[in-house]
Amino acid sequence: MISKVSRNDVRVERHKRVRTKIVGTHDVPRVCVFRSNTNIYAQIINDEEGITLVSASSLENKGKNGSNVEAAKLVGESLAKKAKKAGITKVVFDRGGYLYHGRVKALADALRDGGLEF
């Protein structure tokens, strides 16, 4: 019997490879992106302590479509504001195994425009 490998399984394997090289520290935490069919989520994580410092998602934008580029920009702006309030200026970007294109790129650009460096 032939087993099928889903696109998400391939993405998870890609994410595991990337995570061996990207680690969030106290000084430079990691921005982790998760993209579903309906929403986009982002968190700033300190991997040394295993805690989420700041998070944002398109669920916060009530009544708006969470699966498009505009929603990703709003999430990036929101996360950048929360990060500034928490005193975070430098981060490493973890695209979660997704292509750096579309919603992921829009979120990253919004984070840069909001003042985060990576």
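Just a few scattered comments:
- Scanning the stretch 49-93 for residues that are in a loop (DSSP other than H, G, I, E, B), in contact (Cβ under 8 Å) with a residue 24 or more places away in the chain and surrounded by fewer than 18 Cβ atoms within 10 Å (Cβ to Cβ) turns up Ser67, Asn68, Thr89.
- Taken over the stretch 31-48, the criterion of being in a strand (DSSP E or B) and more than 26 Å from Arg7 (Cβ to Cβ) is satisfied by Ile44, Asn46.
- When the criteria are applied in full, Asp47 fails the requirement of being within 13 Å of the chain's Cα centre (by Cα) and of a type outside the set (Lys, Arg).
- Some residue of the stretch 12-29 being surrounded by 19 or more Cβ atoms within 10 Å (Cβ to Cβ), part of a loop (DSSP other than H, G, I, E, B) and touching a Cys at 6+ places or on another chain (Cβ under 9 Å): yes
Coordinate-derived values only; no laboratory data. Bear in mind the structure is a predicted one, so any value in this text is a computation, not a measurement. FYI the Cβ positions are ideal-geometry reconstructions off the backbone, even for glycines, and counts take in every protein chain you see.
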